[in-house]
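Coordinate-derived values only; no laboratory data. Computed from a predicted structure; not experimentally measured. Glycine gets a Cβ as well: all are built from the backbone with ideal geometry, and neighbour counts include every protein chain shown.
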Amino acid sequence: MKNALVTGGSRGIGRGIALALADKGFNVAVNGRSESDAMRATIADIEAKGVRAIPVACDVSDWSAHEGLIADAEAKLGAPLTTLVCNAGVGGLRKADILDVQADSWDHVMDKNAKSVFFLAQRFARHLLARARPSDVPHSISFITSVSAFASSIDKAEYCVSKAAAGMVAKTFAQRLAPEGIQVFDIQPGIIETDLSRPVLEAYGKLITEKGITLEPRFGQPSEVGKAVAVVANGELPYCVGQALRPDGGLTLLRL
């Protein structure tokens, strides 16, 4: 059986990932800081696809809670986890020019976007390596970072740095785990239409229609990020180690 834990899985990109995994036959543990109407709706939609879905409330920025989160997910699913998707993340506390960034905003994004994903992945990797794993079942970790992991923005510099750090977390875990048969990928979404991104969509929409910053002239959808993750989790990219996949509509394609 294929069993996934998706952090921040109640809404937006996390919800898109959870539903796409369900389409591939995964049972899904949906994580959020607390149980909510959004979490319950996502679970209902997953179950409608004929697989199991369970809620696992936990603030993943509390790295001391990671072991309990994994144990809770497996106990409720009644089976070992095979897949971790580190999707939960935050933006800066305020939009500010790089010359005005304050330490509290830096600490906020680094703690939640880099430190917490590192230690959750570490705990999950130790958990996998401590047990026998069927060779015919894919095992993987996906980190949801951003095109901001390498494309700089001077008005959200601390966020970019945190996502770049998360991208290196993906690379180093890929190096460590590939010999063990565990795939690791960095998923770098572009401009995705979600509730959380809505405040900036008008500005980005003008850049898309007037400046052509994406080659596909539209916003991406959470389901499209989800499909990238589901392909990885389902073992459909064999012999790939630590690659970055970019569902970004051509935003980052180098062109003349």
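Observations on the structure shown:
- Estimated FRET transfer efficiency (Ser152, Val241; beta-carbon r; R0 22 Å; 0.05): 0.25
- With a Förster radius of 51 Å applied to the C-beta separation of Ala203 and Gln122, the computed FRET efficiency comes to 0.85.
- Given charges at Cβ of Lys, Arg, Asp, Glu: the stretch 35-135 dipole, positive-most of Ser64, Gly91, Ala121: Ala121
- When +1 charges are put on Lys and Arg Cβ atoms and -1 charges on Asp and Glu Cβ atoms, the dipole computed for the stretch 181-226 relative to its Cα centre reaches about 120 debye.
- Computed lengthening from Ala79 to Arg133, 0.36 nm per intervening residue step minus Cα-Cα distance: 18.2 nm
- Of the residues Val101, Ala132, Val147, the one whose Cα sits farthest toward the positive end of the charge dipole of the stretch 62-154, with +1 on the Cβ of Lys and Arg and -1 on the Cβ of Asp and Glu, is Ala132.
- Full extension of the segment from Val231 to Asp62, taken as 0.36 nm per residue of separation minus the current Cα-Cα distance, would add 57.9 nm.
- The slack in the chain from Glu193 to Ser34, taken as 0.36 nm per residue of separation less the alpha-carbon distance, amounts to 54.9 nm.
- Cα-based shape type of the stretch 88-237, given that a ≥ b ≥ c are square roots of the gyration tensor eigenvalues and the cut on a/c is 1.5: oblate
- Three-way shape call for the stretch 1-84 based on the alpha-carbon gyration tensor, with the a/c threshold at 1.5: oblate
- For the stretch 11-103, GluC sites (Glu not before Pro) meeting the loop criterion (DSSP other than H, G, I, E, B) and having at most 16 other Cβ atoms within 10 Å: Glu35.
- For the set Lys163/Lys211; Lys115/Lys211; Lys171/Lys206; Lys156/Lys227, the pairs lying more than 32 angstrom apart at their alpha carbons are Lys115/Lys211; Lys171/Lys206.
- The Arg94 and Arg218 beta-carbon pair, evaluated with R₀ = 22 Å, returns a calculated FRET efficiency of approximately 0.15.
- Using a cutoff of 8 angstrom between alpha carbon atoms and counting only pairs six or more residues apart, the relative contact order for the chain works out to 21 percent.
- Within the stretch 215-256, the trypsin sites (Lys or Arg not before Pro) that combine a DSSP coil assignment with at most 16 other C-beta atoms in a 10 angstrom radius are Arg218, Arg255.
- Dipole in debye (nearest 20) - the stretch 149-207, about Cα centre, beta carbon charges: Lys, Arg +1; Asp, Glu -1: 140 debye
- Value of [θ]222 nm, deg cm²/dmol, for the chain, DSSP H segments ≥ 4, -39500 (n - 2.57) each, nearest 500: -12000 deg cm²/dmol
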